[in-house]
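The values are calculated or read from the model by the stated rules, or taken from the named source; none is laboratory data. Note that this is a predicted model, so its numbers are computed, not measured. Cβ sites come from the backbone with ideal geometry, for glycine too, and all protein chains shown count toward neighbours. Note: areas computed on protein heavy atoms with side chains; ligands, DNA, RNA excluded. Shrake-Rupley method; radii C 1.70, N 1.55, O 1.52, S 1.80 Å.
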Amino acid sequence: MPDVLDASPYDALLLLSFGGPEGPDDVVPFLENVTRGRGIPKERLKEVGQHYFLFGGVSPINDQNRALLDALRKDFAEHGLDLPVYWGNRNWAPYLTDTLREMVRDGRRRILVLATSAYALYSGCRQYRENLADSLAALEAEGLELPRIDKLRHYFNHPGFVEPMVDGVVRSLAELPEEVRDGAHIAFCTHSIPTSAADTSGPVEEHGDGGAYVRQHLDVAQVIADAVRERTGVDHPWQLVYQSRSGAPHIPWLEPDICDHLEERRAAGVPAVVMAPIGFVSDHMEVLYDLDTEATAKAEELGLPVRRSATVGADPRFAATVRDLVLERSAAERGREVAPCALGALGASHNLCPVGCCPARAPRPAAAGADSPYA
């Protein structure tokens with residue numbers, strides 16, 4: 001079909017991510033960016049930064065994004081999709097505003113955004129939309145012509161995102177000693193957030209306790225567990241668990257924590273655990289430290305065999321997923337009927353975030369949604 005790889009009306013894709021330090025001198029300035037407005041002393045930030053200093057002050061997220069950029073450009077070129085791909089971050093270079101300024105000066109007027117967060121939650125969706133609004137406001141103050149920006153839908157249940165995670169769990173199970181393999185438990189891991197933020201994630205009226213954030217993770221975990229059973233012939237028990245909690249101890253966050261969960265599973269007689277980080281697109285610091293370092297040390301202390309399965313990263317199937325999402329949204333913008341790909345019980349997520357979706361504590365302008373001040 002002649003229009004299968006037609007990305008119009010869009011003329012660019014922006015990879016939008018969190019950012020991370022790339023050397024010891026970057027750690028505290030990076031954390032100052034992350035915590036700006038909270039009044040956290042520099043000495044406290046140095047303490048928090050110890051996780052980064054254990055890895056030479058380098059977060060893997062920027063290199064992971066470079067690899068994903070290469071994979072996207074390679075996939076687009078191989079399939080004849082003529083769409084340039086740019087990269088901007090919330091908290092570290094290349095900064096979002098600088099990238100958008102470059103895109104405007106390159107003549108880009110209709111921009112699609114891929115955020116490196118697959119699920120509905122404030123920090124992984126609306127906050128990025130707020131960042132986009134802030135950057136557009138800065139460009140407007142500079143007198144630049146503003147582009148129209150749309151954000152790709154949540155892709156947590158797209159086959160090209162899920163299937164690499166299934167492969168990762170199956171590989172990790174195969175790496176366990178044979179005598180504990182069939183009895184292994186799967187701990188599906190994601191970032192803990194305050195329960196108040198979880199409860200208001202996604203369109204509030206559509207979800208119960210834990211909001212869309214918890215519901216989407218549970219749905220993906222079930223899809224993966226079912227696929228693993230089909231591949232291995234074994235029905236492994238599983239649970240959704242959380243990691244990387246921060247903030248005041250009196251504020252309720254999603255539980256159980258992965259380390260507590262490992263203790264509970266060991267006490268219950270579980271012979272082994274596979275930790276599957278389904279909440280993360282790539283192996284950034286929360287995966288390398290909280291799972292590979294802290295949780296793995298806890299498992300060793302308990303005498304519990306564990307393996308950590310791979311994140312999606314720059315898997316070619318994920319690059320193909322992004323291409324599919326681009327073509328899907330482009331066709332919809334041109335008024336075509338579109339049948340979006342989605343696994344599980346929830347179906348494809350919305351293209352346009354509705355008013356009040358994943359609200360912030362204090363209302364702020366957010367681009368690329370139904371409540372955007374930028375048409």
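Each other residue within a Cβ distance under 9 Å of ASP150 adds +1 if Lys or Arg and -1 if Asp or Glu, for a net charge of +3.
If you count the DSSP beta bridges with both ends in the range 185-336, what percent of them are antiparallel, to the nearest 5? Rounded to the nearest five, the antiparallel share is 5 percent. Heavy atoms of the protein chains alone define the surface here; on that basis the range 132-182 has 38 Å² accessible area per residue at 1.4 Å probe size. Principal axis analysis of the Cα atoms in the chain yields extents of 63, 56, 40 Å, listed in decreasing size. Take the Cα of LEU146, step 7 Å toward its Cβ, do the same at ASP324, and the gap between the two points is 3.4 nm. With a cut-off of 15 Å on the backbone N, the residues of the range 77-106 near the modelled label site 7 Å out from ARG336 along Cα-Cβ are 80-83. Coupling constants for the range 229-237 follow from the phi torsions by the Karplus curve (6.51 cos²θ - 1.76 cosθ + 1.60, θ = phi - 60°), and in residue order they are 4, 5, 6, 9, x, 10, 8, 7, x Hz; glycine and proline get x.
Across the range 357-374, the residues whose backbone nitrogen lies under 20 Å from the label position 7 Å along the beta-carbon direction of ARG110 are 367-374. In terms of the mean number of neighbouring beta-carbon atoms within 10 Å, the peptides 43-54, 233-244, 213-224, 160-171 order highest first as 213-224, 160-171, 233-244, 43-54. Secondary structure note: in the chain, about 5% of the DSSP beta bridges are antiparallel.
The overall shape of the range 61-146, judged from the alpha-carbon gyration tensor, is oblate: a/c is not under 1.5, and a/b is no greater than b/c. Residues in the range 251-291, backbone N under 19 Å from the label point at VAL234 (7 Å along the Cα-to-beta-carbon vector): list them, ranges by number please. Only 262, 265-277 pass the distance filter. Here the label points at ASP25 and ALA297, each 7 Å from Cα along the C-beta direction, are separated by 2.9 nm in the simple model. Taking the chain as the reference, fit the longest principal axis to its C-alpha atoms, fit the long axis of helix 159-175 to the helix C-alpha atoms, and give the angle between the two in degrees, 0 to 90, nearest 10. Computed tilt is about 20 degrees.
Cβ under 10 Å from CYS353's Cβ, CYS353 left aside: what net charge do those residues give with Lys, Arg +1 and Asp, Glu -1? Charge balance in the 10 Å sphere: +3.
Computed extension gain for GLU175 through PHE53, at 0.36 nm per residue and net of the alpha carbon distance, reaches 40.9 nm.
Separation of the range 298-375 and the range 213-238, taken as the distance between their Cα centroids, equals 19 angstrom.
With a 1.4 Å probe and all protein chains left in place, how much of the accessible area of the range 309-375 comes from carbon and sulfur atoms, in whole percent? Answer for the range 309-375: carbon and sulfur cover 56 percent of the accessible area.
Positive contributions from Lys and Arg (+1) and negative ones from Asp and Glu (-1), summed over other residues with Cβ under 11 Å from the Cβ of LEU31, come out at +2. Taking the helices alone, the chain has a mean residue ellipticity at 222 nm of -12000 deg cm²/dmol, built from -39,500 (n - 2.57) per DSSP H run of at least 4 residues and averaged over all its residues. Rounded to the nearest whole Hz, the Karplus-based 3J(HN,Hα) values (6.51 cos²θ - 1.76 cosθ + 1.60, θ = phi - 60°) of the range 245-250 follow the sequence 4, 9, x, 4, x, 7, with x at glycine and proline. Any idea what % of Cα-Cα pairs in the range 273-313 are farther than 11 Å? Roughly 60 percent, once rounded to a whole number. Protein heavy-atom accessible surface, 1.4 Å probe, per residue over the range 1-68: 51 Å². Sequence-ordered 3J(HN,Hα) estimates for the range 64-75 from the Karplus curve with 6.51, -1.76 and 1.60 and θ = phi - 60° stand at 4, 5, 4, 5, 5, 4, 4, 5, 5, 5, 5, 5 Hz, glycine and proline given as x.
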